[in-house]
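Step one of this worksheet: look at the structure below.
Values quoted throughout were computed directly from the atomic coordinates according to the rules given, and no laboratory measurement underlies them. Every value quoted in this text rests on a predicted model; they were computed, and no experiment measured them. Cβ sites come from the backbone with ideal geometry, for glycine too, and all protein chains shown count toward neighbours.
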Amino acid sequence: MHWTISLAWSIKRQRGHLRSYARMGRPDGGNVRSDPYRLGASMRRRDFLTAAIAATGAASTAFVPAMAAPPGVTGLTSLTTGAKPISVEERLARIAKLQRLMVDRKIGALILESGSSLDYFTGVQWHRSERTTAAVIPARGDVVVVTPAFEVPSVRETLAVGGEVRPWNEHESPFALLVGALRDRGVTSAPIAFESTTRLFIVDGVRQASAGAYQVVSGDALVKAVRLIKSPAELALMQAASNVTLAALRHVHGNVRPGMRPDEIAAMTDAATVALGGVPGFALVLLNEASAYPHGSNQPQTLREGSVILMDVGCTVHGYQSDISRTWVMGKPTAKQRKVWDTVKRGQELALKTATLGTPVGTIDDVVRAYYEKEGWGPAYRLPGLPHRTGHGIGLDGHEPPYLVHGDTTPLAPGMCFSDEPGIYIPGEFGIRLEDCWYMTEGGPKLFTGLARSIDDPI
């Protein structure tokens, strides 16, 4: 396929898969990545190029033929040729579990708009816009997907679980179709649940179209109960994504040079990720003082002797995420940099040591924070120290519940997946973040990637 045609077509068709990494300066250190099923209006040029590579690269096997390795990454080969997407049978099992939960809780149906949960249950990968695409999963019966009429062929391409697709034309109401689907599946009065990220205009549209016939409840507990525990197939995809990201970081570590800018380093990372068989998700590169701010600074930075290099990188393999951070110094680290790096690694180790079956996940954050306070950082979430949570859940989304944060009482169970990233940040100087992801087993936590050895051997 001709590159230009392939690029334009894939960007349009795969908007649902593209990610930009926007620095929004959130004080809580929360997720600042854009909606993964939406191409952000504020996407920077580098993010657009990253998205273009992701949309047309070697990992995008569903739509485009394999491409030659991007310039500068000759010698890197795909690590994901054996990666298998989630099967139809697994998606059907997810729906069956969800339906059992709805019957038990006397909920008539769950409504999902475009987003990761729609993908998780049905396979439909679609972007959010003012035009509603949503699915009704009834407590009993088959799925119904409502989408604009001119999008039906595209939506059918990824609908993996059967059921109906009901089209609406531009002058018609998608909400009337959603209500009609509820009634056709026998849901006439039972409460209906909405997935927690569903936009208000859709919830209100269903309310109005049904003349208030249904009690509206949150679907958060239903969705979490299914998505929280990862299957072996999900873990395998996350392992593949982690392998790609770690190899891309290793490539970058060996090829950065003085004078490089963050965008150049990020572009190198994205190119390596594509060559290694992943779809680039984000490549946050923080140099020098910018590393002291978890999601960076708008001040120009250039790599030089003595620079702190903090990289936070992730990709996807068949939709499943990796998220790895590494920090090192160009040249010889100072004694302070070395001490902080070692403290952060010890924080990672304490997080894993605390992770035992049944332990409330918030306890992990408490233990790490207590250690940091003894070392003179903080207290609590204050700077200099650790201003964000110790980690987050991860899976089909880069950030998922539960969270390794004070107060989260979710007990650890086998199959839960998390990041482990207790950074330390010193405004005006530098920051250190080390991040690896892990999943819980009956025998304890298991890492997708080994912890960095030292500031001198950081990958």
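Can you give the convex hull volume of the alpha carbon atoms of segment 166-273 per residue, in Å³? The partial results should precede the final answer.
Values: hull volume 21.3 nm³, N = 108.
So the per-residue hull volume is 198 Å³.
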Which residues qualify? For Ala109, with a placed amide H closer than 5 Å and at least 5 residues away or on another chain, they are Ala139, Ala193
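For segment 90-155, what does the convex hull of the Cα positions come to per residue, in cubic angstrom? Walk me through the numbers before you get to the answer.
On the way: hull volume 5.5 nm³, N = 66.
In segment 90-155, the Cα hull volume divided by residue count equals 84 Å³.
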Can you tell me the length gained on complete extension of the stretch Thr81 to Ala213, counting 0.36 nm per residue apart and subtracting the Cα distance? 42.5 nm
Estimated FRET transfer efficiency (Asp263, Arg338; beta-carbon r; R0 30 Å; 0.05): 0.60
On a straight-distance basis, which lysines could pair with Lys336 in a cross-link, Cα separation under 26 angstrom, same-chain partners fewer than 8 positions away excluded? Lys345, Lys353, Lys374
Between Glu164 and Val88, what length comes free when the chain is fully extended (0.36 nm per residue of separation minus the Cα-Cα distance, one decimal in nm)? 25.8 nm
Most packed first (mean Cβ within 10 Å per residue), the peptides 252-258, 132-138 order as 132-138, 252-258
In segment 388-459, the GluC sites (Glu not before Pro) that sit in a DSSP loop and have at most 14 other Cβ atoms within 10 Å of their own Cβ are Glu442
Please list the non-local residues whose amide H lies under 5 Å from the amide H of Gly115, H modeled 1.01 Å from N, same-chain partners needing a gap of 5 or more. Trp126
